[in-house]
Amino acid sequence: MSGRVLILGGTAEARGLATALHEAGVEVVSSLAGRVARPRLPAGQVRIGGFGGPTALADWLREHHVAAVVDATHPFARRISASAAQATGEAAVPLLRLERPGWTQGAGDRWRWVNDLDEAERAVTEHGARRVFLTSGRQGLAAFADLGAWCLIRCVDPPDSPLPRRHELLLDRGPYTLRGERNLLRTHRIDLLVTKDSGGEHTAPKLAAAREAGVEVVVVRRPPRPQAPAVNDVADAAAWATAQVSG
Ligand code: NAP
């Protein structure tokens, strides 16, 4: 094998891919942004922190003899994906996007799709909700700072942005259970849920709990992404990456 694989991570899929490649004997480096105080560390080598933009990332790829890059970052991590697209172009390194599918609305779901967090805040106000469950993550909470409704805010680490005047903070990183999500909705008498379309199983039980309870959900659409070959599945990404370093 020649060269190593760089995984741009911060997701369960990225950790799954690191494990698969590491076990297959492929040299792999996972990169984390450093946003989370105590991240779940993937198998293999890990580096933490920004690269300093696309040109610095291109330099890093050359210096570290990277043969292939898998962008397995979160669907809402826009800047690093744009940076990866530009840097791999500059350094002539093949790029694959590993992205879990988004959620799809089913029978009984009462979802309202919005384009971004500002639109989500307007949707909450228009709804007239009194008790809101905010699960859109720590970043971007400032969009909800002026909400009059009481908010249950769940995130991994404490937020550093302004928060709604009336709120309770719940620090938790999941994965979550249907039973636990049911309890939260009931105990806090939630009448509206706000989420990003993150996709995947780990955070999906809140949607099933909302459906059961007849609670409406404001769902933030994924941002547009740079053009790149993409797969949904860790095994497909592992096969692609192995082929790149074996070829
Ligand atoms: P972002 O806005 O796309 O990235 C901002 C900057 O952070 C990038 O320009 C880059 O800095 C650095 N960065 C981001 N991801 C990196 C990585 N994996 N390795 C090295 N540097 C990285 O990203 P974000 O939305 O803040 O997300 C940060 C990380 O958290 C990502 O790894 C993502 O997978 C994970 N995450 C994000 C969300 C979400 O909702 N956004 C949810 C769960 C997990 P430089 O320009 O200096 O290279």
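Among the residues of the range 213-225, is there at least one that is at pLDDT below 95, assigned to a loop (DSSP other than H, G, I, E, B) and over 29 Å from residue 88 (Cβ atoms)? No, that holds for no residue.
Among the residues making up the range 190-223, those that are within 16 Å of the chain's Cα centre (by Cα), over 14 Å from residue 135 (Cβ atoms) and in contact (Cβ under 8 Å) with a residue 40 or more places away in the chain are 221, 222, 223.
Remark: residue 16 falls outside the filter, which requires a residue to be within 30 Å of residue 219 (Cα to Cα), surrounded by fewer than 16 Cβ atoms within 10 Å (Cβ to Cβ) and touching a residue at least 12 places away in the same chain (Cβ under 8 Å). For the range 45-70, residues that are within 11 Å of the ligand (Cβ to nearest atom) and open to solvent by 10 Å² or more (accessible area, probe 1.4 Å) total 12. When 211, 189, 165 are checked against the criterion of being open to solvent by 60 Å² or more (accessible area, probe 1.4 Å), out of contact with any His (no Cβ under 9 Å at 6 or more places or on another chain) and under 22 Å from residue 107 (Cβ atoms), a single residue qualifies: 211.
Being closer than 30 Å to residue 124 by Cβ, surrounded by fewer than 16 Cβ atoms within 10 Å (Cβ to Cβ) and within 12 Å of the ligand (Cβ to nearest atom), is that true of even one residue in the range 84-104? Looking through the range 84-104, none of the residues is closer than 30 Å to residue 124 by Cβ, surrounded by fewer than 16 Cβ atoms within 10 Å (Cβ to Cβ) and within 12 Å of the ligand (Cβ to nearest atom).
The values are calculated or read from the model by the stated rules, or taken from the named source; none is laboratory data. Everything numeric here is computed off the predicted structure, so don't read it as measured data. So basically every Cβ, Gly included, is an ideal-geometry build from the backbone, and we count neighbours across all protein chains shown. Side chains included, ligands, DNA and RNA excluded: accessible areas come from the protein's heavy atoms. Shrake-Rupley method; radii C 1.70, N 1.55, O 1.52, S 1.80 Å.
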